[in-house]
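For reference, the structure discussed in these notes is given below.
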Amino acid sequence: MVAQRPARPPRPTDDVRPRALAAATRLFAARGFEGASLQDVAGEVGVTKQALLYHFASKEELRRAVLGAMVTHWNEALPRVLLAASAADDRFDAVVGELLRFFASDPDRARLLVRHLLDRPAESRELIASHVKGYVAAISSYIARGRERGTHRADVDPEAYVAAVLQLLVVGVASLPVLDVVLDGPRAKAAPRVIAELRRIARVALFPAEAPAPAPRRPTRTRSTARTARRGDP
């Protein structure tokens, strides 16, 4: 009697959804939504197209899920960082730091958003109005109160500042793979240099410049002290 080979345990499917979201983010960022198929995503994940359709009924649903994952992150992250930070500097570092960490850890997220803004402006406006505008209003109110207290620049336009910084950070991170050619030095250090400069620009535009410390004053020499110095008298 021939011994039967034990059946191979089925591959777990509970990780298909997060892996599909990551693969779709990469492919949609690189090729655009129209340029990447469900079969392409399934191939990246290592499952069949039918297995992918079990988790996402269509490519459109997959696209919405990719954007929804980003929205979920910010719905959880921004209230947390805003509550944890009390001072103006703390809030700046918390919010800008979280933005940079999120996009710099996976620049495809930034590239996907830029593509979505350009390819689907009407949907992008709706997405921003539904999920981003409220946070912009909250952060703008912090800036407006700081402007009144003098902790923020008097000439800053709070809402326009937040919109400009969002655009600066997203587009800045999205373009890192091509803009590194204008920087001297090792390519591996290009991204940290640009990210550090993005943070500096955002900070300088928000906070008043600190007055330089006054130079130490030299003792004033009168005519009598000058004559005494020449005579050598104590």
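Report the gain in length on full extension from Arg19 to Lys133: 0.36 nm times residue separation, minus Cα-Cα distance, nm rounded to one decimal.
Difference between extended and current length: 38.1 nm.
Once you have the Kirkwood Rh of region 99-219 from its Cα pairs, apply Stokes-Einstein at 25 °C and 0.890 mPa s and quote D in µm²/s.
Once the numbers are plugged in, D ends up at 147 µm²/s.
Rounded to a whole number of µm²/s, how large is the Stokes-Einstein D of region 90-133 at 10 °C and 1.306 mPa s, given Rh as the Kirkwood radius over C-alpha pairs?
Rounded, D is 137 µm²/s.
For Arg31, put the label point 7 Å out on the Cα→Cβ axis and report which residues of region 38-55 keep their amide N under 13 Å from it.
Hits in region 38-55 for Arg31 at 13 Å: 38-45.
Over the Cα atoms of region 146-209, compute the convex hull volume and normalise it per residue, giving Å³.
Expressed per residue, the convex hull around the Cα atoms of region 146-209 is 87 Å³.
Most exposed first by the Cβ proxy, i.e. fewest other Cβ within 10 Å, how do Thr72, Thr151 rank?
Starting with the residue having the fewest Cβ neighbours, the order is Thr72, Thr151.
Between Asp90 and Asp157, how high is the FRET efficiency from 1/(1 + (r/R0)^6) when r is the Cβ-Cβ distance and R₀ = 22 Å? Nearest 0.05.
The computed FRET efficiency comes out at 0.50.
Mind listing the Cα extents of region 75-167 along all three principal axes, in Å, largest one first?
In descending order, the Cα extents are 41, 25, 19 Å.
Since every read-out is calculated from the coordinates, none of them should be taken as a lab result. Bear in mind the structure is a predicted one, so any value in this text is a computation, not a measurement. FYI the Cβ positions are ideal-geometry reconstructions off the backbone, even for glycines, and counts take in every protein chain you see.
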